[in-house]
Amino acid sequence: RLRGRLDEVEFHNRQLSQTVEKLQGDVDFRLQQLEGQGGSRQATAAPAPAAPRPAAPAPAPAPAATPRRPPERAIAEGQAALGRRDYAVAEAAAREVLATRNTPRAVDAQLLLADALYGKRDFAGAALAYNEAYTRGPNGPRAPEALIGLANSFTSLGNRNDACDTLNHMRSNFPNLRGPLADRAAEARRRAGCR
């Protein structure tokens with residue numbers, strides 16, 4: 001019976017992920033159309049200067065991207081930015097770490113990204129990021145945090161059933177939560193109106 005509930009929660013998570021990915025694709029497409037309209041106006045106004053300009057800015061980003069911070073430092077600075085509610089800086093730090101393949105701090109960076117997106121009120125993006133953090137470490141020490149964040153994102157999206165399913169899944173897999181995590185889980189349950 002528990003396995004059936006888990007399958008149901010995973011199915012709902014996949015559906016939400018697909019919905020959010022479609023929405024992100026739609027937004028990206030619309031942004032590209034808007035940028036394309038702006039770029040076509042510039043190209044018609046000045047076709048000759050447009051070609052040399054891209055060559056000049058290209059070297060500038062390369063030196064800026066070369067000096068990378070160690071993942072630990074990037075995450076620490078991202079957490080500090082999150083504490084200041086500077087969500088854009090926190091998001092950038094998280095994405096910097098996630099761009100590094102096979103980093104042992106991937107779950108930490110994924111949670112930082114999710115928290116930053118949630119702070120920016122991008123609840124759909126936050127839900128995807130929390131789900132990815134959980135997927136990267138479903139039995140790890142930070143898995144309950146990812147599930148609480150996922151449930152809060154579902155609640156903020158108005159999807160209380162999935163929020164409660166996620167919290168029930170967490171209760172089954174992590175029955176001995178204590179301290180601040182238990183308090184956060186109880187608050188998430190209250191917000192979602194779970195029984």
For the pair Q18 and R85, how long in nm is the line joining their label points, each one 7 Å along Cα→Cβ? 3.8 nm
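Kindly identify segment 77-176 as rounded, prolate or oblate by the Cα gyration tensor criterion: order the square roots of the eigenvalues as a ≥ b ≥ c, call it rounded if a/c is under 1.5, otherwise compare a/b with b/c, prolate if a/b is larger, else oblate. Write down the numbers at each step before the final one.
On the way: a/c = 2.17, a/b = 1.34, b/c = 1.62.
Oblate, because a/c is 1.5 or more while a/b does not exceed b/c.
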Going from the fewest other Cβ atoms within 10 Å to the most, one would list F11, F123, F174, F154 as F11, F174, F123, F154
Assertion target for R84, R195, ordered by fewest C-beta neighbours within 10 angstrom first, is R195, R84
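Rule-based calculations on the coordinates, nothing more; no lab input. Quantities reported herein were computed from a predicted structural model and do not represent experimental measurements. Note that we place each Cβ from the backbone using ideal geometry, even for glycine, and neighbour counts take in every protein chain shown.
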